[in-house]
């Protein structure tokens, strides 16, 4: 089964995704890291949520694929608070195959209202198990 | 030079943590990332990794926690992380984060902001590096 990223070209956009994190979700996130520090909202939580939505839209997680998260860049320009509504919009920056392995890079821009508050760049490596 | 409490060469607060399968399952539920390579023992056996591995973002979350512990409120306002995931972390392995302040300089654009550049990473008990990269913190003084 072909996943959508296999045919997507650079410039293809994903989302927009509406993201909001409650205080309880933030605490669950910290717990899932094994942390007991629940005092603040890390910018990474929004990247995590956007990444999951990207994974679902691009179809890159399945038993026919070995998908590896190879790298992550995150930049934020404003603090993020619980309950804020943030919009994430992804764009495929590169998508190449070398020796039957796909290398893709997706950039996500995060905005609050009309203000950009951050970006993330996710590098993914995909190997198809059953061709 | 703007005065800050941060100095070149300072080590960041290291965090050591065992990445249990319970933690990986919990992270899968919170993030919604149910890639079978993280949670399905039989599937993971069939991959080149041979066993279940932690999400890269779980490990990076612990690196971010180190930055937060080290810089407290200063960490939240403006910053940047650039990392590569260089090796898998298997269920049950123990990882430790590490980081060092490389430079402390006033921003060339906004002098009231101090830019703090750090090398950051995460390694296993056997010394193999699982995350390596850099962080840039912008502190208002």
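The values are calculated or read from the model by the stated rules, or taken from the named source; none is laboratory data. What you see is a predicted model; the values in this text were computed from it and never measured. Cβ coordinates were reconstructed from backbone atoms using ideal geometry, including for glycine residues, and neighbour counts include every protein chain displayed.
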Answer with yes or no whether residue A:9 is in contact (Cβ under 8 Å) with a residue 12 or more places away in the chain, more than 26 Å from residue B:47 (Cα to Cα), within 11 Å of chain B (Cβ to nearest Cβ) and surrounded by fewer than 16 Cβ atoms within 10 Å (Cβ to Cβ).
no
Among the residues of segment A:65-93, count how many are at pLDDT 95 or above, more than 8 Å from chain B (Cβ to nearest Cβ) and surrounded by fewer than 20 Cβ atoms within 10 Å (Cβ to Cβ).
5
Segment B:45-89, residues that are without any contact (Cβ under 8 Å) to a residue 60 or more places away in the chain and more than 10 Å from chain A (Cβ to nearest Cβ)
B:45, B:50, B:51, B:52, B:54, B:66, B:70, B:87
Is it true that some residue in segment A:12-21 is over 30 Å from residue B:46 (Cβ atoms), more than 13 Å from the chain's Cα centre (by Cα) and part of a loop (DSSP other than H, G, I, E, B)?
yes
Of the residues in segment B:1-44, those that are more than 9 Å from chain A (Cβ to nearest Cβ), over 21 Å from the mean Cα position of the chain (by Cα) and without any contact (Cβ under 8 Å) to a residue 40 or more places away in the chain come to B:5, B:39, B:41, B:42, B:44
Among what's in segment A:41-60 and is outside any helix (DSSP H, G or I) and more than 7 Å from chain B (Cβ to nearest Cβ), pick the residue that is surrounded by the fewest Cβ atoms within 10 Å (Cβ to Cβ).
A:59
Does residue A:29 qualify as being over 12 Å from the mean Cα position of the chain (by Cα) and in a helix (DSSP H, G or I)?
yes
Condition broken by residue B:8, with the remaining ones in (1) more than 14 Å from residue A:67 (Cβ to Cβ); (2) in contact with a helix residue (DSSP H, G or I) (Cβ under 8 Å, 6 or more places away or on another chain) satisfied
(2)
